[in-house]
Structure formats: structure tokens, C-alpha cells
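Reading through the C-alpha cells given below for one structure.
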Amino acid sequence: MNEEYGEIRIPTRLIEEIEERIKQTEFESVEEYVTFVLEEVIKDVDEEEPEEVFSEEDEAKVKERLRALGYLD
Amino acid sequence: MNEENLKFVIVGHIDHGKSTLIGRLLYDTGSLPEGKIEEIKEICESLGKDIEFGYVMDHLEEERDQGITIDTAQIFFSTKKRRYVIIDAPGHVEFLRNMITGASQAEAAVLIVDADEGVKEQTKRHAYILGMLGLNQVIVVVNKMDLVNYDKQRFDAVKEELLRFLSEIRITPSYIIPISAKEGDFVARKTSSMDWYDGPTVLEALDTFETRKSARDEPLRFVVQDVYNFDKRIVAGRVESGVIREGEKIRILPSGEETRVKTVEEYLKDVHEAEAGKSTGITTEDKLFIDRGDVIVHSDAGDKPVVTDRIRANLFWMDRTPFKKGEGIRFRCATQEVACEIERINTVINSSTLELIGEDTGEIRNREVADVTIRTDAPVVVENFNKIQELGRFVLGRGDTCAGGIITELEGEK
Amino acid sequence: MIVVLAIDALEYDLVEAFGCDNLKQKFYGKTDISEFSEPRTMVLWNSFMTGENREKEVLALGDKEMWNIKLDIKDTFFARFENPKILDLPGFNYDKEQHELERGMLKEFFTAVGDEEKAEIRKKYNSHAFEHHRRIKKEFADALSGDYDFVLGYFSAADVIGHLNFGNRALMKMIYRDMDEIAAGIDDTLIVLSDHGMERIGMFGDHSDHGFWSTGFKDLGNPRITDFAGIIMEISEVE
């Protein structure tokens with residue numbers, strides 16, 4: 001995979017903790033572990049189910065749209 | 001209705017109708033949440049039609065895709081006889097590990113095959129897993145009979161292919177049933193679509209299966225943890241199965257020596273027996289040599305565990321460092337612990353794809369499942385996992401546990 | 001007989017996701033409505049009927065009046081048929097009262113305070129839309145067995161229900177399945193067409209920027225909604 005990379009810094013104590021943790025797992029490096037965890041977290045946020053309760057923000061947005069489309073005046 | 005639940009798993013190729021079968025089982029036994037059925041009925045009526053299974057399935061599938069209903073870890077439904085639990089199907093590493101280490105057990109399985117497509121690679125792999133887990137209550141369903149016009153010849157052809165394969169992996173299915181989960185034929189109801197078939201429906205077949213006996217009803221297996229010498233000589237251990245009582249005649253394994261239970265001791269209590277699951281102490285009439293790891297059974301029981309140094313088992317390797325043949329490792333079963341060697345790695349499969357990795361190989365890697373022959377340095381007292389789980393389950397380890405396993409075959413087994 | 005299933009707000013992505021094979025027919029795809037400033041129902045169907053971009057003319061009437069448009073048949077391509085039957089098409093002969101009530105309830109919903117009240121209104125709104133849907137289904141079935149050379153059935157349920165319920169995928173699936181069943185029952189030359197699709201805003205639905213088309217006889221590529229007048233006339237000459 002020809003991915004591009006940027007650099008970030010995290011506290012050394014976290015790196016040490018992760019190094020300890022990955023010993024019990026399939027992850028080959030701290031980088032791999034951190035990338036995986038972050039991908040999962042971002043995915044979760046994206047896939048979060050909208051609540052059944054009428055979200056005010058959604059409502060306002062849709063109201064605006066329906067007005068633009070001529071349904072509401 | 002019986003109090004016990006029967007846990008079973010549905011396996012087979014992913015497109016062969018597993019979720020439709022589950023939906024049909026729930027629908028026909030009225031096990032779907034009342035509110036849900038009402039909801040779907042309302043929508044059907046709004047659209048000007050009657051509620052039909054197809055719409056229920058659509059609805060369920062949609063909700064499942066969105067992660068809402070049907071927690072696929074455990075699905076419940078009931079017949080008049082008892083309650084059933086469908087456990088998540090193989091292919092997931094967790095499931096397999098739980099099955100092998102005994103954390104969650106199915107007591108029966110339904111293997112599903114598409115009548116039109118026939119036996120596929122995944123069908124075989126899943127059947128293989130059933131064999132490995134020692135599941136011997138198996139129903140095969142030949143599904144989607146509606147797509148082949150309920151043709152008896154087609155059913156017979158698929159049945160033959162299946163039986164041929166299953167016999168190779170030493171599985172004898174209890175039933176082979178032609179069904180259409182979509183149309184509802186022979187899952188819960190007998191219909192007139194296949195009058196050449198006079199066997200049971202899937203539900204009827206399930207009702208004939210047995211749940212695992214509760215450990216209390218099994219033969220006595222008292223596993224010794226320690227021997228203490230206070231004012232009396234107390235043999236401390238755990239009753240893995242059965243019940244141990246004062247006055248009973250017992251035999252110590254592996255030595256084979258016999259004596260009687262003098263007292264059953266529990267700290268600060270006056271007891272005369274101890275049942276499966278209890279840790280307790282006993283004193284014996286005769287002062288025999290008893291050691292940690294010994295297993296105590298009833299003398300006159302016909303059913304005895306096996307004392308052996310050679311075991312055939314299925315194990316789930318859980319350590320990052322692979323096992324290499326020739327490596328010495330420790331075998332632990334109940335309180336017994338001995339050094340052992342894996343004499344032969346018969347087959348290795350990938351636990352998530354269930355693909356065969358190799359036969360007669362030299363190593364087992366993380367998350368692989370292996371059929372092995374183990375040679376212990378000293379005789380151990382064990383059971384076939386299907387008979388008495390508590391002595392049929394073991395772990396292998398270096399310092400930490402590296403693998404969980406279940407015993408599938410024993411030399412000297414009756 | 002040439003049949004057009006005009007399904008308001010039928011969304012391409014859902015037709016795919018829900019496996020609606022009868023709606024897909026042999027060839028299907030998205031329509032190009034990029035020439036319009038917004039995917040407005042009245043503008044789009046007007047443009048469909050006349051074969052011309054009618055956005056300017058329709059918008060000039062204002063949001064309130066545009067819903068009352070009633071084109072004369074000779075201004076539409078329907079006039080080229082001997083015995084056409086059009087059901088409930090916006091801008092032509094649609095049930096003004098029905099759809100005004102719908103818009104009224106929409107307004108009610110958005111001005112209501114409190115979840116309970118909103119839920120009540122939504123229930124009423126849905127029920128009203130479904131009732132109309134059942135009526136149109138029957139009328140359409142009757143029309144199919146009539147002696148017409150062109151039948152157009154306009155179905156608004158996906159749009160109406162979608163605006164307040166698009167987030168309820170299970171419900172939308174059942175509506176799409178129903179539409180798929182209707183398509184399955186048509187033996188004649190069929191064109192399925194939507195003015196625009198729908199996309200999700202939480203529980204609600206907004207119009208998307210593409211419509212849906214399908215035929216059993218020709219791959220139309222990425223047609224504009226104004227192309228259909230010509231396409232349909234072409235087939236009618238062949239038949």
C-alpha cells in the first residue's frame with residue numbers, strides 16, 4: 001500500500017504502555033497499534049446511529065431544506 | 001416445559017439461508033417480540049397487504065444490518081418442550097476459542113446446505129469444525145427446496161454428497177431434512193409440498209436432542225488439590241462432577257487403590273456430602289498414598305475415566321509465539337500437571353476462514369486450531385470431552401497458558 | 001401499452017441496496033438534474049411533461065402557487081397518444097386537497113413542541129400518506145387493465161413518508177419492496193422514473209441531486225429528465 005505518512009508526537013509513557021500491551025497481541029509495532037485504534041474510533045464516530053429522538057439540529061436543517069424546496073413557507 | 005435450555009449453533013455457507021432459517025424459527029414459534037410483529041403488521045396494513053414472513057424477514061434483516069435487533073450472540077425461541085438458544089456461528093475467532101476452551105458450548109448443531117447450489121467449500125469447513133468440536137447431535141437441513149421445485153431427486157443427490165463427506169470426517173447426522181425456510185416448509189410446520197418426505201420437521205428433530213446432563217448427575221470425579229495433615233489427614237479437592245458422600249466406597253486413580261470415605265469436611269460446617277462444583281475435603285478410612293492431581297471415583301461405578309499417556313485432542317493456540325514440534329510443554333487438566341510432547345500435529349486450520357493450513361505439520365501459530373496427538377510424561381486421568389467435560393478439557397502452557405484444548409479420543413477408552 | 005411508473009423521490013442507492021430487481025429491470029441508472037438550481041418536485045415533473053426546462057416559469061409563480069399548476073394536455077407529450085391515462089401527476093392532474101393536507105401536516109410537525117406531540121403528528125401524517133398510496137395502487141391496477149395506449153402512475157409515498165421517516169430504514173425498505181412488487185406486476189413496456197432521490201438528515205429525508213431511471217429495452221446512460229418526452233415518443237412510434 002502506497003500510503004503517505006505525517007508525524008505526530010505522543011508522551012513516552014504512553015509509548016511504553018503500548019509496547020507492554022502489544023506483547024500479548026498480534027500487533028508488530030506501536031505505530032500499527034495506534035493506527036488501528038484510531039481508525040476504529042473514527043469509524044465508530046462516523047457510523048454512530050442517529051438517535052430516535054428528533055435531533056434539534058437535524059430538524060432545523062431539514063426545515064430549511066423543505067423551505068427551499070417549496071414545501072414549507 | 002423442561003427447565004433446561006438447549007444451545008445449538010447453525011453453520012454452513014453464508015448464502016445458504018442461515019438468517020432466513022433463524023427468522024423462520026423465531027416467526028413460526030411466535031418468539032419475536034410482540035411489539036415488533038405489531039409494528040411490521042401495521043406497515044403491511046398501511047401498504048394494503050397482510051403480514052407475511054417475507055416482510056418480517058426484510059424488517060429483521062434491515063434492523064440487523066443497522067445493528068439494532070437480533071444480538072447474534074444469543075437468540076432465543078421456545079417450543080412446547082423447552083427453550084432453545086442459538087449461539088453465534090463459527091468463523092469468528094472468539095466463538096471458536098470459547099468452544100474449545102469450554103467457555104460456551106453448543107450441544108447440537110444445524111448444518112445448512114442450499115438445495116440448488118449443493119455442498120460448497122464453506123459447508124465442508126463448517127462441518128469439519130463440528131467434527132472437531134465433538135458435536136454429535138447434528139441436523140442437516142437442505143434448504144431452498146422451493147427453488148428446486150421440491151424435487152426428491154435433487155434432495156437425494158445433495159444428501160448423498162453430504163453423507164459421503166460427513167463420513168470422511170466421522171460425523172453421522174441425526175437427521176437430514178429438506179426445508180424451505182423462506183416458504184416455511186418443514187421448519188416448524190409439515191406442509192404438503194413434499195409428500196415424499198415423512199421425517200420430522202426441524203423443531204421436532206431438535207426436540208429429540210438431549211441437553212448435557214448437569215454435572216451433578218454425572219459419575220463422581222473428585223480431583224485432589226492437596227493433602228493436609230492436621231489432627232486428621234484431609235484430602236482437599238474439587239468435585240468436578242457427581243456427588244461424594246460419607247461411607248461411599250472410592251477408588252484413587254491412577255494408583256487404583258480403594259478405601260471408603262470416612263467424613264466429608266467443610267470448614268466450620270457439618271456436612272455429609274459434597275456435590276459438583278464444590279471444593280471440599282474428605283478423610284478416608286485407610287491411609288493410602290494420595291497426591292495432588294489424583295482423581296477419586298466411585299469403586300463400583302461402571303463408568304471410569306481413562307488412565308493414559310496418549311491423548312488425541314483439538315486445541316486452540318492462543319500465544320504469539322508459535323508452537324514448534326519437538327518443544328516440551330506442560331499439560332494441565334483439572335489439578336493434574338505433567339510435562340508432555342506433541343507427538344503429531346495431525347491437521348491445522350485457520351480459525352476464522354476455517355481453511356486447512358496443513359496436515360502432519362511442524363508448527364501451530366496464534367489463533368490456529370490443531371488436531372494433535374499428545375504424549376504425556378506420566379499417566380494422567382482424563383475423559384473424552386463429550387463424556388465429562390471437566391476432565392476432558394485441558395490447557396497447555398509454558399509459563400502462561402498458551403492453548404486450550406478438548407480431548408476427542410483416548411486409547412483404552414471403552 | 002407504454003407504462004411509466006413515476007415514483008417521486010425514488011433513490012438509486014436504495015433501489016440497489018434493497019435489491020429491487022423489478023424496479024431495476026434490464027437497464028437502470030441515475031438521471032442528470034444538474035441543470036436545475038434545486039431538485040423541486042413541481043419544476044422537475046413539469047419539465048418532464050413538456051420536455052423542456054421549465055424552472056423559470058414554475059418558480060415565477062412562487063412557492064404557494066406553483067403547487068396549483070395544471071398544465072393543459074396539449075402542452076405535454078401525452079397529447080401525442082390516442083388514449084392516455086395519467087394518475088395524480090403533480091402539475092397536471094394531481095389531488096390538490098390531498099397534497100395540501102400533507103404540506104399542512106408537515107408545517108404542523110415543525111411548529112409543534114415536544115416529542116410526544118411530534119410523534120402524534122407524524123403518525124397521522126404517515127397514515128394519511130399510506131391511505132392515499134393504497135388508493136393510487138388500486139387505481140393504477142385498474143388503469144393497467146384498461147384500454148389505454150399510455151398509462152402513467154404517480155406514486156408519492158416514498159417522498160412524503162421519506163421526508164419525516166427516511167432514517168427508519170426498515171420502513172423505507174418495505175415501501176421500496178412494495179414499489180418493486182408493483183413493478184413486477186407490469187407486463188408492458190415499462191419506464192421507471194423518479195424526479196429526484198432522497199438522502200438522510202438524521203430521521204428525516206432531503207431531496208438528493210439525482211433521479212432514478214430504468215427500462216427493459218435500452219440503456220439510456222445518464223439522461224436528463226427533459227429527455228424522456230422524446231424517448232417515450234420514440235418507443236411509441238416503434239410499437
Handout entry: Single match in B:376, B:408 (criterion: of a type in the set (Ser, Thr, Tyr), in contact (Cβ under 8 Å) with a residue 24 or more places away in the chain and within 23 Å of residue B:127 (Cα to Cα))
Key = B:408
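Determine which member of the set B:308, B:353 is touching a Leu at 6+ places or on another chain (Cβ under 9 Å), among the polar types (S, T, N, Q) and either surrounded by fewer than 22 Cβ atoms within 10 Å (Cβ to Cβ) or at pLDDT 90 or above (or both).
B:308
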Fill in the blank from the handout: Among (1) modelled with pLDDT of 95 or more; (2) within 14 Å of chain A (Cβ to nearest Cβ), residue C:67 falls short only on (1)
Exercise for the section: Give the residue, chosen from C:164, C:171, C:152, C:190, that is in contact with a Pro (Cβ under 8 Å, 6 or more places away or on another chain) and either hydrophobic (A, V, I, L, M, F, W, C) or at pLDDT 95 or above (or both). Expected result: C:152
Exercise for the section: Please state which of the following conditions residue B:46 fails to meet, knowing it meets all the rest: (1) surrounded by fewer than 21 Cβ atoms within 10 Å (Cβ to Cβ); (2) at pLDDT 85 or above; (3) small (Gly, Ala, Ser). Expected result: (1)
Completion exercise
Checking B:63, B:39 in turn, the sole residue that is surrounded by fewer than 18 Cβ atoms within 10 Å (Cβ to Cβ) and either modelled with pLDDT under 85 or more than 12 Å from chain C (Cβ to nearest Cβ) (or both) turns out to be B:63
Practice task
Output the residues belonging to region B:369-396 that are part of a strand (DSSP E or B), modelled with pLDDT under 90 and surrounded by fewer than 24 Cβ atoms within 10 Å (Cβ to Cβ).
Solution key: B:393, B:395
Exercise for the section: Taking the residues in region B:311-325 that are at pLDDT 90 or above and over 27 Å from residue B:241 (Cβ atoms) as candidates, determine which candidate is surrounded by the fewest Cβ atoms within 10 Å (Cβ to Cβ). Expected result: B:324
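The values are calculated or read from the model by the stated rules, or taken from the named source; none is laboratory data. All figures in this text were calculated on a predicted structure; none of them were measured in a lab. Positions of Cβ are generated from backbone atoms using ideal geometry, with glycine treated the same way; all protein chains shown enter the neighbour counts.
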